[in-house]
Amino acid sequence: MLKLYKRLFFVILLIGIISGAVIYYTVDINTFRHLSSFRIWSLAAVLFFLSVGLYFDGTRLMHLVRISGENISLMEAVQVVFGNYFLAALTPGAAGGALAQVLFLRRAGVPTGKATVLVVVRTILSILFLLLCMPVVFYYDPGVMPWISEDLLSVISSAVIISILATIWLLRKNTLAYFLVAFTKRLHYTRRRRVFSIYRDVRGAILMLSSAPLSMLRVFIESAISLLSLYSVVPTLFMGIGAEVNWLHVLGRMIFLNILLYFAPTPGGSGIAEGGFVVLFNEFVPSGTVGIVAVVWRMVAEYIPFVIGLYFTVKVFGRAFLASQIK
């Protein structure tokens, strides 16, 4: 139990330090003048987009579970979603989020094997949507990576799409297993077994994706609506402080930022998210406001769901069980 409290204290302290530093180093003499004209209606719009995003995150999980032959209620799906936010913020690389999802799905009556595959499918769908959007983002916003030429960005975009399709084909044919056998020969037995366990989960996810194309298309569309709604919080905040907003431009950069966050080594992407936001959006908002908007975005999109996830996790499993899962 003490370890859980220490982890919570560390995360809250980290969030406080990062948020304070971001605001401190980005404010200037114009900050309060711009904030004084903040439009209150934008807060209602922010909560609307957040609610839509979380709702479709829950419904896509319900439909995924149904494809696997099981059933869960919308409330159980919502608990999975918020539990993911909570444990992801407590663990480096958001690794705890996957554990939380499996635990809640098991609690809802989904067998462990299916729950693991469903979590992998849910993650793959989100990453797949973001990666498929990247060629469009690079084409319309080459300034997102100004140090790379447009021709090279086109090559990268094509390589991403080809790699996705090739990987899916190789997984379906089980061809990658032969390469894994060769590459893991010198690994310790435990590590080798873990590699093949991950491979089986991912392959099972790919097979599930191809098992019901029309149902999976529906889930993919729900994934897109969920992610784009959550990202729409940012341009709405920009409008709230009077900025001129190119909605698609902002969403494109949010897609790019969130791809990076999938590989962030810090708990919940803390620090990297705020820093990346300041770099990507400093030119979009009035002087001295980008740091405050970055912190508000993180509060709305991550920390509010984190607190709700904490409530559901303690309510469903109890503090003792939760503490036993925190390594």
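The values are calculated or read from the model by the stated rules, or taken from the named source; none is laboratory data. Note that the structure is predicted; figures quoted are calculated from it, not measured. Cβ placement follows ideal geometry from the backbone for every residue including glycine, while neighbour counts extend to all protein chains displayed.
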First in region 184-196 and surrounded by 10 or more Cβ atoms within 10 Å (Cβ to Cβ), second anywhere and in a helix (DSSP H, G or I) and among the basic types (Lys, Arg), Cβ under 8 Å, 6 or more apart: 184/191; 184/192
Residue that is modelled with the lowest pLDDT, among those in region 234-279 that are closer than 30 Å to residue 13 by Cβ and aromatic (Phe, Trp, Tyr): 263
Residue 107 vs. criteria modelled with pLDDT of 85 or more and closer than 28 Å to residue 248 by Cβ: no
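What's the total number of residues in region 255-284 that are aromatic (Phe, Trp, Tyr) and loosely packed, with under 15 Cβ neighbours inside 10 Å?
So the first thing to find is which residues in region 255-284 are aromatic (Phe, Trp, Tyr), and the list is 256, 262-263, 277, 281, 284.
If we keep only those that are loosely packed, with under 15 Cβ neighbours inside 10 Å too, we end up with 262-263.
Residues that pass the stated criteria total 2.
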Residue check, residue 215 modelled with pLDDT of 80 or more, part of a helix (DSSP H, G or I) and small (Gly, Ala, Ser): yes
Hits in region 286-305 (condition: in contact (Cβ under 8 Å) with a residue 60 or more places away in the chain, in a helix (DSSP H, G or I), among the β-branched types (Val, Ile, Thr) and farther than 20 Å from residue 145 by Cα): 292, 295, 300, 304
Single residue of 308, 304, 221, 255 found to be of a type in the set (A, V, I, L, M) and farther than 23 Å from residue 80 by Cβ: 255
Unmet requirement for residue 36, which otherwise passes all of (1) modelled with pLDDT of 85 or more; (2) more than 22 Å from residue 303 (Cβ to Cβ): (1)
Qualifying residue in region 156-175 (condition: at negative phi, of a type in the set (A, V, I, L, M, F, W, C), part of a loop (DSSP other than H, G, I, E, B) and surrounded by 15 or more Cβ atoms within 10 Å (Cβ to Cβ)): no
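Which of the residues belonging to region 51-76 are out of contact with any Ser or Thr (no Cβ under 6 Å at 6 or more places or on another chain), part of a helix (DSSP H, G or I) and not charged (D, E, K, R)? It would help to see each step written out before you state the result.
In the first step, residues of region 51-76 are kept if they are out of contact with any Ser or Thr (no Cβ under 6 Å at 6 or more places or on another chain); the result is 51, 54-55, 58-59, 61-66, 68-76.
Add one more test, that the residue is part of a helix (DSSP H, G or I), and what stays is 51, 54-55, 58-59, 61-66, 74-76.
Within region 51-76, 51, 54, 55, 58, 59, 61, 62, 63, 64, 65, 74, 75 qualify.
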Checking residue 123 against (1) more than 16 Å from the chain's Cα centre (by Cα); (2) free of Cβ contacts under 8 Å to residues at least 40 places away in the same chain, the condition it does not meet: (1)
Subset of region 4-31 [loosely packed, with under 15 Cβ neighbours inside 10 Å and in a loop (DSSP other than H, G, I, E, B)]: 28, 29, 30
Residue within region 270-285 that is assigned to a loop (DSSP other than H, G, I, E, B) and either within 24 Å of residue 123 (Cα to Cα) or in contact with a strand residue (DSSP E or B) (Cβ under 8 Å, 6 or more places away or on another chain) (or both) present: yes
Any hit, region 239-262, residues being of a type in the set (Val, Ile, Thr), more than 27 Å from residue 107 (Cβ to Cβ) and part of a loop (DSSP other than H, G, I, E, B): yes
